[in-house]
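Reviewing the structure listed below.
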């Protein structure tokens, strides 16, 4: 995941753009990004297919400690005379959803896609039904489900979020949360974008502009960026012998 500050002078504070997969390096990268910045109470705009369970939990707790606000979108920096904006048609999937939950206030635009699924063993997610699993593998997954459950409740999320996510195996499409489920799971705490991005326009940009931004970030066309990578890794403790757990969003 890459972090950048989107300046929005003079009448708005700006926000943090967080784009990409959460890896073992992501918490450290965020600490380096935040060094020397006054981020307390800032907003994080998420555009991510998820990633490592334990590193997402670490990062989410850091977000909450800073009192950050969260939303979903693609950050678009303006030109010489144009203000930066946020395009609402973005994806927050798998462990990104639990980063969204870390916000002190949380807003999800109608056009955004918030999708959940189970965690799984990463090296067997592509053909999960045919793979073999050891007792050690099952222990790792169950341990990380426990960690995720505690984190969810610590962040003020509802058990419905875990129930919805853990009901979707890796061989099925991710479940996209509708407006009712976003409220039921307590992922959304406000219906007002101004509560997380005051004085910032949430716009649907021209596809050509969004395509250029997508190409620059991911090196792919927009229709490719909607497809996710392997995510929700349950990382093995140092010295462990089992493979990481992950699932593959469709």
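When residue 153 is tested against (1) part of a helix (DSSP H, G or I); (2) free of Cβ contacts under 8 Å to residues at least 12 places away in the same chain; (3) farther than 21 Å from residue 99 by Cβ, just one condition goes unmet, and that condition is (3).
Counting only residues that are surrounded by fewer than 17 Cβ atoms within 10 Å (Cβ to Cβ) and touching a residue at least 24 places away in the same chain (Cβ under 8 Å), which one in the range 168-183 is nearest to residue 110 (Cα to Cα)? This residue is 179.
Could you run through the range 128-145 and say how many residues are buried (at least 21 other Cβ atoms within 10 Å of the Cβ) and either in a loop (DSSP other than H, G, I, E, B) or in contact with a helix residue (DSSP H, G or I) (Cβ under 8 Å, 6 or more places away or on another chain) (or both)?
Kept after step one, since they are buried (at least 21 other Cβ atoms within 10 Å of the Cβ), are these residues of the range 128-145: 140, 144.
Subsequent filtering for residues that are either in a loop (DSSP other than H, G, I, E, B) or in contact with a helix residue (DSSP H, G or I) (Cβ under 8 Å, 6 or more places away or on another chain) (or both) retains 144.
The number of residues fulfilling the criteria is 1.
Applying the condition of being assigned to a loop (DSSP other than H, G, I, E, B) and closer than 17 Å to residue 196 by Cβ to the range 8-19 and asking which residue is modelled with the lowest pLDDT yields 11.
Of the listed requirements (1) at pLDDT below 95; (2) over 19 Å from the mean Cα position of the chain (by Cα), residue 180 misses just one: (1).
Here's the yes/no breakdown for (1) touching a residue at least 40 places away in the same chain (Cβ under 8 Å); (2) under 19 Å from residue 157 (Cα atoms):
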residue: 27; (1), (2): no, no
residue: 43; (1), (2): yes, yes
residue: 56; (1), (2): yes, yes
residue: 73; (1), (2): yes, no
residue: 86; (1), (2): yes, no
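The values are calculated or read from the model by the stated rules, or taken from the named source; none is laboratory data. Keep in mind the model is a prediction, meaning the values are calculated, not measured. Note: ideal-geometry Cβ built from the backbone for every residue, glycine included; neighbour counts use all protein chains shown.
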